Amino acid sequence: MDLVAYVAKAPRLGETVTGREFRTVPGGKGANQAVAAARAGGAVTMIGAVGADEFGVRLRAALAGAGVDTTGLRTAEGASGTAHIVVDDEGGNAIVVVPGANATVTALEAGDEARIAAAGALLLQLELPMAGVLAGALAARAHGVRTVLTPAPAQPLPAELLAATDLLVPNEHEAAALTGCPDPREAMAALLARVPEVVITLGAAGCLYGARGAAPVAVAAPRVRAVDTTAAGDTFVGALAVALGEGRPVREALGWASAAAALSVQRPGASASMPLRDEITALATETAITLRSTDHE
Ligand code: ADP
């Protein structure tokens, strides 16, 4: 659960300030990605945990309300995972994340392997303990299910996890943190030495796709007026996983995911801003037509 306080100026240590507004917003990377994928038309099952508190009840209801199957979501003793966010008038923020229930997801439980085996793709991110992420990735690998990993929050990735990752989707900051290369094309080359396919997202500049043994492909983002880019990456990867899970070609899937993310940045909020399948398809089609006519010129 995101606990967001809006203030003119963030307090320094030892200081108290009066805020303007407070909101609780269901969030978490995994939940945002699950909601994005469900809104994009995917049949989504989420494996994870909420706490035995009021937030847990609300988080579960928010997922179910978005059409996510929550039978793999356990309720752990104690608090739900929370992010304590201070946003100042300049749009700057400071965040404390307390993992809470997420810290308990260190292994798969009864039924999880079957859930993964039945999936078209397994979407992973790092707001769960590495042991839990790895257990999921290994189960997917054992059943031939494609794994898509967002390496966020950025941290070193164990070789075992890389070996079980089919598609890595960092943003440019995460790509730089993983490789030490600030240039996305150089980071791409370094990452392709570790995993077979990589998408580096580049904000308004779109994304760069690379596969081993082929030249990287740049995909432009639709030009839109962005009002809130929160969860743009989660929307992108959620839609991407749905398209890939449906067996659509990578180039088409990337165009479709870019359309989904472009729609989300035009609206405020995280999961509330995520587009529905028909909207995504409409913008993706429009963008593809524009691209084609530009090709002719
Ligand atoms: P994150 O949200 O993880 O930091 P990015 O900022 O790279 O990731 O955004 C993810 C994707 O969202 C981009 O690849 C792009 O397709 C889309 N996106 C982000 N910002 C914009 C924008 N201003 N206009 C259009 N698309 C955007």
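The values are calculated or read from the model by the stated rules, or taken from the named source; none is laboratory data. Quick caveat: nothing in here was measured; it's all calculated off a predicted structure. Note that we place each Cβ from the backbone using ideal geometry, even for glycine, and neighbour counts take in every protein chain shown. Protein only, heavy atoms only, side chains kept; ligands, DNA and RNA dropped before computing areas. Shrake-Rupley method; radii C 1.70, N 1.55, O 1.52, S 1.80 Å.
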Exercise for review: List every residue pair whose Cβ atoms lie under 7 Å apart, where the two residues are 6 or more positions apart in sequence or sit on different chains, the first residue falls within the range 212-236 and is over 25 Å from Arg267 (Cα atoms) and at pLDDT 95 or above, and the second residue, located anywhere, is near the ligand (Cβ under 8 Å from one of its atoms) and open to solvent by 50 Å² or more (accessible area, probe 1.4 Å).
Suggested key: none
Exercise for review: Return a yes/no flag: does the range 200-223 have any residue that is open to solvent by 30 Å² or more (accessible area, probe 1.4 Å), within 10 Å of the ligand (Cβ to nearest atom) and of a type in the set (D, E, K, R).
Suggested key: yes
**Study point:** Every residue from the range 122-151 that is open to solvent by less than 30 Å² (accessible area, probe 1.4 Å), in a strand (DSSP E or B) and in contact (Cβ under 8 Å) with a residue 60 or more places away in the chain
**Key:** Gln125, Val148, Thr150
**Study point:** Leading residue by the ranking (least open to solvent (accessible area, probe 1.4 Å)) among those in the range 37-55 that are touching a residue at least 24 places away in the same chain (Cβ under 8 Å) and over 21 Å from Gly132 (Cβ atoms)
**Key:** Ala40
Check your understanding: Does Gly245 meet the test of being under 26 Å from Ala43 (Cα atoms), in contact with a strand residue (DSSP E or B) (Cβ under 7 Å, 6 or more places away or on another chain), open to solvent by less than 60 Å² (accessible area, probe 1.4 Å) and modelled with pLDDT of 95 or more?
Key -> no
Review point. Within the group Ala226, Ala272, which residue is assigned to a loop (DSSP other than H, G, I, E, B), surrounded by fewer than 24 Cβ atoms within 10 Å (Cβ to Cβ) and among the hydrophobic types (A, V, I, L, M, F, W, C)?
Key: Ala226
Review point. Here are Ala163, Ala176: which of them is farther than 21 Å from Leu123 by Cα and modelled with pLDDT of 95 or more?
Key: Ala176
Review point. Within the range 248-258, is even one residue of a type in the set (Asp, Glu) and outside any loop (DSSP other than H, G, I, E, B)?
Key: yes
Point to revise | Answer from Leu263, Leu283, Leu254 - the residue that is surrounded by 15 or more Cβ atoms within 10 Å (Cβ to Cβ) and touching a strand residue (DSSP E or B) at 6+ places or on another chain (Cβ under 7 Å) | key: Leu254
**Study point:** Condition broken by Leu108, with the remaining ones in (1) open to solvent by less than 60 Å² (accessible area, probe 1.4 Å); (2) assigned to a helix (DSSP H, G or I); (3) out of contact with any Leu (no Cβ under 6 Å at 6 or more places or on another chain) satisfied
**Key:** (2)
Point to revise | Complete set of residues in the range 87-104 that are open to solvent by less than 50 Å² (accessible area, probe 1.4 Å), at pLDDT 95 or above and more than 18 Å from the chain's Cα centre (by Cα) | key: Gly100, Ala101
Practice item. Name every residue in the range 164-199 that is without any contact (Cβ under 8 Å) to a residue 12 or more places away in the chain and either under 15 Å from Leu149 (Cβ atoms) or within 15 Å of the ligand (Cβ to nearest atom) (or both), in order of residue number. Key: Ala176, Pro182
Exercise for review: Enumerate the pairs (first residue in the range 1-17 and free of Cβ contacts under 8 Å to residues at least 12 places away in the same chain; second residue anywhere and part of a loop (DSSP other than H, G, I, E, B)) with beta-carbon separation below 6 Å, excluding pairs fewer than 6 apart on the same chain, so at least 6 apart or on different chains.
Suggested key: Val17/Val7; Val17/Pro11
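Kindly provide the set of residues from the range 13-51 that are under 18 Å from Val97 (Cα atoms) and either part of a strand (DSSP E or B) or out of contact with any helix residue (DSSP H, G or I) (no Cβ under 7 Å at 6 or more places or on another chain) (or both), ordered by number.
Selection gives Leu13, Phe22, Arg23, Thr24, Val25, Gly27, Gly28, Gly30, Gly48, Ala49, Val50, Gly51.
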Practice item. With the condition kept exactly as written, say whether any residue in the range 59-71 is without any contact (Cβ under 8 Å) to a residue 60 or more places away in the chain, under 29 Å from Leu276 (Cβ atoms), outside any helix (DSSP H, G or I) and open to solvent by 70 Å² or more (accessible area, probe 1.4 Å). Key: yes
